[in-house]
Each structure stands twice: as structure tokens, then as C-alpha cells.
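Peer 1: Below is a structure I'd like to ask you about.
The values are calculated or read from the model by the stated rules, or taken from the named source; none is laboratory data. This structure is a prediction, so every number in the text was calculated from the model and none was measured. In this analysis, Cβ positions are derived from the backbone assuming ideal geometry, glycine residues included, and neighbour counts consider all displayed protein chains.
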Amino acid sequence: MKHDDERRGGDVEKKGVPPGDMDAVVYGAVFSPGKSDRERARKTIRESARKQDICLASTHGLYTAAGNGLYVSKTVPAINIRGITYQVARAVFRAALKHKVGAFIFEIARSEIGYTDQSPAEYASCVLAAAVREGFSGPVFLQGDHFQFSSGKYASDSQAELKAVSDLIKGAVFAGFLNIDVDASTLVDLERETLEEQQEINCRVTGDMTRLIRGIEPGGVTISVGGEIGEVGGRNSTVGDLRAFMSGYLRHLGSETSGISKISVQTGTKHGGVVLPDGSMAEVEIDFEALREISRVARDEYGLAGAVQHGASTLPDEAFEMFPDAGTAEVHLATGFQNLIYDGGFFPNDLLERIYEEIRRRYADEKKPGDTDEQFLYSTRKKGFGLFKEEMWNIPEDRLAGMRQILEERFSLLFRKLNVVDTVDLVNLFTVDRTSP
């Protein structure tokens, strides 16, 4: 029997860049010193993707179908990739092909763009190159995750912060991101008396960003926009919060503009998980009943796909199958994959020690009082993906192959637990909003 690379590679070679050549092309798209050389490589990737019938797509139609009850009990995984993006995305596509999964998203947050040194255009190129490399075809969903407003910056200069997020959205849409999660939950003021007053700025800002997105989206495409009512790590969200937000948001948006298709909430998680002094993870309790009720009201009263859960990748395996049962529309996953890269047994020890030394030197002032070295490194080592970006890409192939394998196994498990196996036909049926790369 032929190895997967050989079987898929034959198809790729007939349609575009041969699989072995794609490794070099995507490396040039990321690390070529000249901008024109990087652009040339990225154009080659996009052309190869088109030849392979890969398209960029919005989940808006899929989530509208969920809001209308046309499918149930499926939770779409949104996967953040912080480093060696091409290699990790290859593992995602391998698992998707193995299990006939169409419902999955690649995303990157505003904060991650900075500390991992990945622009939306670069990220898109890496994901598309991985799709070509693995012989994938069909819709690819790219998402701007937590395009978040800084409460401090907004308070000191709201116009500057509005422009910063607006520019980020424009750059992402231009790069092919047809899914944008606007996060103005940081502007919710819990000190105000009523829920409507607490959500007021969030409603206005999310509405303004929605109108911006509708003004720049490609012709014939409705970008999927997400809103957020509860800051992850804060107090748990309620149905009352949802109704207060939607009332103000829809009033501010107006009836002529398509609104959000999902709503992010807080139900007990924390980004990265909670780390104990010895470096192990604390158990986290999610309020699945709140998640279920918010999702139900979001669908029944507003036609949304349901609630979105953030900060879930470090939960125990048995928790994931509870998300589809609770009607969760989407779940965001990041740190668990970072941990597999660093701790899965294939990351070079000498490189990891150099990363830790640099983090201790460069970010010593970020260590919280009372934190152990293990807690500090766990919460900060994500920045190593940007600091040692090229060194990570040049990890020996045998070690990269080992990483891809354990990541593929993890993605396979999550796809099964979240009930998105055999969703290719479902996605093709409802994904009408798509463009060429």
C-alpha cells in the first residue's frame, strides 16, 4: 500500500505544484527577504489552490442553516495555529480527509498576529499551501478570532483604537478571511446599573464593525460575523446578557444590514487554562446548562447558529462530546495544540531551552507575584513561536513528521467528539458564500 503522501501527491502533481516543491514554495512565501519574492510565492500557492478546486468560504450560510434548525448537534472546531503553521495545518487536513470532515475553521487572533509574527496574508498562504500539499479540495474557512478592542486604549483614544481594529479587519478580508469575530466584550461595563447599559458600547461598536465588514466583503459573499457578550475569564454570561446585547445591537445596526451569525459567551473557561504551581492543569468546570440555554435562545429568538465557546482546548477529553449535546455552534481551540508541539516528545530539547532562556530574559517583568517558574513559562512560552519562528520551521523533518502525527491524532479525536465527521456534504450544501483564493 502506498503511503498517504504518495497517494495524495499524485493528485497534487497533476493539478498544480508537486508536493515536494510546495514545501519550498511556502517557505519562500514566509521567509524570502524580498517582499516581491514573498508575493510571487504566495501567488503560486493561490494558483495551485484554484487548480485543486480549493475555495475560501464563509460559514454564514452554514450557520444560518443551524439557526433555522436544518442541522443539529454539531460543534464546529475553530483551530488557532500559533507556529509552524504549514506543518500543523497539514495535520488538520490529513485528519479532515481521513474522517470526511468539512466543518472546521482555521483562525488567528489579533494578539496572536503580533506575538507569533504572522500577518493574515502569510497565515492564509500557509493554510492554502497545506491544503494543496495534502490533496484537499473544497471550502477552506479562515477566521479572524478575537479581533478585540483594548479597553485601556479605547478609553484613552477611542478613535485610534477603532481605526486599529478597522484596519486589521480590512487587511484580513483582503487576505481571504471571510469569517470575522468582533470582540468588543472588553468594553462591557459591569458597573452600570442595567444589562442594557452594561452592553451599550459593545452593541454600538460591534454594529459599527459589522457595517464596515458589509461594506468591504467580496461581491456575492456574506462574511460570517461573530459578536461577543462575555469576556473570557470574567463572570459567566446569561440569557439576559444575550437579550440585552441583541436588542441594542439590532437597533443600532438597522434592518437593512445582515447581522451576526453566532455569539461568543463566557461559561467558566480561561484562555490557556489554569496552571497550578507545579505546571499541571487545574480542572475547570463549564456551565453547560448556561451554554445550552443561551444557544437555544440565540437560535429560537434571533436565528443565530448558537453560542461559541472559547478557551476549551485544555479541557479533559470527555468534556468535548458535551458541546454538541448542549447545542454549541462553535468551539475555539488553541493552547492544547501549542502544548502538543512543545511537550509531545518531538520538539528539540536544546531549542526549547533556548526559548525558555530568551523568555526569562525578555519578559521577566511579566511574571506575576507568587508565580512559579513553571507557571510563568507556561503562560509566556507562546511568544516563542514568533521569537524563534525560522528555527522552528527548520526543525528536522523526522521530528516534524512526529509532531504532525500526534497532532493529526488529536484533531481526529476532536472531530469525532464534536460530531463533525462526515460533514463534507453538509458543508457543500449550505456553503454558498465562497470565492477563489
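Peer 1: Name the single residue that is surrounded by the fewest Cβ atoms within 10 Å (Cβ to Cβ) among those in the range 86-110 being on the phi < 0 side of the Ramachandran plot and of a type in the set (D, E, K, R).
Peer 2: Step by step, filter the range 86-110, then rank; the result is Lys98.
Peer 1: I'd like the full set of residues that are hydrophobic (A, V, I, L, M, F, W, C), touching a helix residue (DSSP H, G or I) at 6+ places or on another chain (Cβ under 9 Å) and outside any helix (DSSP H, G or I), limited to the range 86-112.
Peer 2: Val101, Ala103, Phe104, Phe106, Ile108
Peer 1: Now for a separate question. Which of the residues belonging to the range 180-195 are part of a loop (DSSP other than H, G, I, E, B) and either acidic (Asp, Glu) or closer than 30 Å to Ala124 by Cα (or both)?
Peer 2: Residues of the range 180-195 that are part of a loop (DSSP other than H, G, I, E, B), as a first pass: 184, 188-194.
Of everything in the range 180-195, those that are part of a loop (DSSP other than H, G, I, E, B) and either acidic (Asp, Glu) or closer than 30 Å to Ala124 by Cα (or both) turn out to be Ala184, Asp189, Glu191, Glu193.
Peer 1: Please specify each residue of the range 319-359 satisfying the condition of being outside any loop (DSSP other than H, G, I, E, B) and farther than 23 Å from Glu112 by Cα.
Peer 2: Of everything in the range 319-359, those that are outside any loop (DSSP other than H, G, I, E, B) and farther than 23 Å from Glu112 by Cα turn out to be Ala319, Phe320, Met322, Phe323, Pro324, Asp325, Asn349, Asp350.
Peer 1: Being more than 19 Å from the chain's Cα centre (by Cα), farther than 29 Å from Glu285 by Cα and not hydrophobic (A, V, I, L, M, F, W, C), is that true of even one residue in the range 219-226?
Peer 2: yes
Peer 1: Separate question: In the range 362-420, how many are part of a helix (DSSP H, G or I) and in contact with a strand residue (DSSP E or B) (Cβ under 8 Å, 6 or more places away or on another chain)?
Peer 2: Qualifying residue count, the range 362-420: 7.
Peer 1: For the range 165-205, give me the residue count where each residue is within 28 Å of Asn236 (Cα to Cα), without any contact (Cβ under 8 Å) to a residue 24 or more places away in the chain and within 20 Å of the chain's Cα centre (by Cα).
Peer 2: The qualifying residues number 0.
Peer 1: Examine the range 5-19 for a residue that is modelled with pLDDT of 70 or more, within 25 Å of Gly386 (Cβ to Cβ), surrounded by 14 or more Cβ atoms within 10 Å (Cβ to Cβ) and out of contact with any strand residue (DSSP E or B) (no Cβ under 8 Å at 6 or more places or on another chain), and state whether such a residue exists.
Peer 2: Within the range 5-19, none of the residues are modelled with pLDDT of 70 or more, within 25 Å of Gly386 (Cβ to Cβ), surrounded by 14 or more Cβ atoms within 10 Å (Cβ to Cβ) and out of contact with any strand residue (DSSP E or B) (no Cβ under 8 Å at 6 or more places or on another chain).
Peer 1: Also, I was wondering about something else. Collect the residues in the range 54-85 that are in a helix (DSSP H, G or I) and surrounded by 24 or more Cβ atoms within 10 Å (Cβ to Cβ), keeping them in residue-number order. Explain how you work it out, then say what you get.
Peer 2: Narrowing the range 54-85 to residues in a helix (DSSP H, G or I): 60-67, 85.
Residues satisfying the conditions are His60, Leu62, Tyr63, Ala66, Thr85.
Results for (1) hydrophobic (A, V, I, L, M, F, W, C); (2) at pLDDT 95 or above, shown as yes or no for each residue.
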residue: Arg362; (1), (2): no, yes
residue: Asp371; (1), (2): no, no
residue: Leu377; (1), (2): yes, yes
residue: Lys382; (1), (2): no, yes
residue: Gly386; (1), (2): no, yes
residue: Glu391; (1), (2): no, yes
residue: Ile395; (1), (2): yes, yes
residue: Arg399; (1), (2): no, yes
residue: Gly402; (1), (2): no, yes
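Peer 1: Right, here's the next one. Can you find a residue that is of a type in the set (A, V, I, L, M, F, W, C) and either in contact with a Ser or Thr (Cβ under 9 Å, 6 or more places away or on another chain) or within 30 Å of Gly327 (Cα to Cα) (or both) anywhere in the range 400-410?
Peer 2: Yes, because at least one residue in the range 400-410 is of a type in the set (A, V, I, L, M, F, W, C) and either in contact with a Ser or Thr (Cβ under 9 Å, 6 or more places away or on another chain) or within 30 Å of Gly327 (Cα to Cα) (or both).
Peer 1: While we're on this one: When only residues in the range 294-310 that are surrounded by 24 or more Cβ atoms within 10 Å (Cβ to Cβ) and in a loop (DSSP other than H, G, I, E, B) count, which is farthest from the chain's Cα centre (by Cα)?
Peer 2: Leu304
Peer 1: Return the residue satisfying two criteria in turn: it lies in the range 421-437 and is part of a helix (DSSP H, G or I) and either charged (D, E, K, R) or touching a Lys or Arg at 6+ places or on another chain (Cβ under 7 Å) (or both), and of such residues it is surrounded by the fewest Cβ atoms within 10 Å (Cβ to Cβ).
Peer 2: The extreme case among them is Asp425.
Peer 1: Would you point out the residue of the range 129-174, among those that are in a strand (DSSP E or B) and either in contact with an Asp or Glu (Cβ under 8 Å, 6 or more places away or on another chain) or at pLDDT below 95 (or both), that is surrounded by the fewest Cβ atoms within 10 Å (Cβ to Cβ)?
Peer 2: Gly138
Peer 1: Which of the following residues is of a type in the set (Val, Ile, Thr) and out of contact with any strand residue (DSSP E or B) (no Cβ under 7 Å at 6 or more places or on another chain): Val127, Val140, Val88?
Peer 2: Every option except Val88 fails the conditions.
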